[in-house]
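The values are calculated or read from the model by the stated rules, or taken from the named source; none is laboratory data. The structure displayed is predicted, hence computed values, not measured ones. For neighbour counting, all protein chains shown are included, and Cβ atoms are generated from backbone atoms with ideal geometry for every residue, glycine included. Note: areas computed on protein heavy atoms with side chains; ligands, DNA, RNA excluded. Shrake-Rupley method; radii C 1.70, N 1.55, O 1.52, S 1.80 Å.
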Number of protein chains: 2
Amino acid sequence: MDTTTFTVVGMTCGHCVGAVREELSKIVGVTDVDVDLDSGTVTVTSATELDQQTIDAAVDEAGYEVAR
Amino acid sequence: MDTTTFTVVGMTCGHCVGAVREELSKIVGVTDVDVDLDSGTVTVTSATELDQQTIDAAVDEAGYEVAR
């Protein structure tokens, strides 16, 4: 098990949280996605280590951006 | 044709706009729903005059509130 934590910018409501969670959940190996709306903190639990490009692409697909 | 204009509070993003538009569009006789996210102004076009309770219920169903 591996966890990856990052910050997503632009989320404003529960719909946004749901969209980000949905896209990240689609990544192969992901078993859990935790999103904190107030802080933008996202923690993804996965069977194997995820690469940043895959995460960035999923967050982008949801319509948001990973903070750098 | 009749138009009804009111303000919805609590919308923060395009998902919120979509949710409000979807519920209002379900009201019988409604032909168009225009939502301005920045101001919260919603204009509903309908074949016959809509009563406020019906509008309130639809906005509530979407998870928001009509400003008084």
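Summary of values
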| item | result |
| --- | --- |
| Members of region B:1-22 that are in a helix (DSSP H, G or I) and either touching a strand residue (DSSP E or B) at 6+ places or on another chain (Cβ under 9 Å) or of a type in the set (A, V, I, L, M) (or both) | B:Cys16, B:Val17, B:Gly18, B:Ala19, B:Val20, B:Arg21, B:Glu22 |
| Top-ranked residue of region B:41-56 - restricted to ones that are of a type in the set (Asp, Glu) and open to solvent by 60 Å² or more (accessible area, probe 1.4 Å), ranked as nearest to the other protein chains (Cβ to nearest Cβ) | B:Asp51 |
| Residues (under 16 Å from A:Ala57 (Cβ atoms), open to solvent by less than 40 Å² (accessible area, probe 1.4 Å), over 9 Å from the mean Cα position of the chain (by Cα) and not aliphatic (A, V, I, L, M)) located in region A:5-40 | A:Gly29 |
| Residues of region B:2-20 satisfying the condition of being within 13 Å of chain A (Cβ to nearest Cβ) and not hydrophobic (A, V, I, L, M, F, W, C) | B:Gly10, B:Thr12, B:Gly14, B:His15, B:Gly18 |
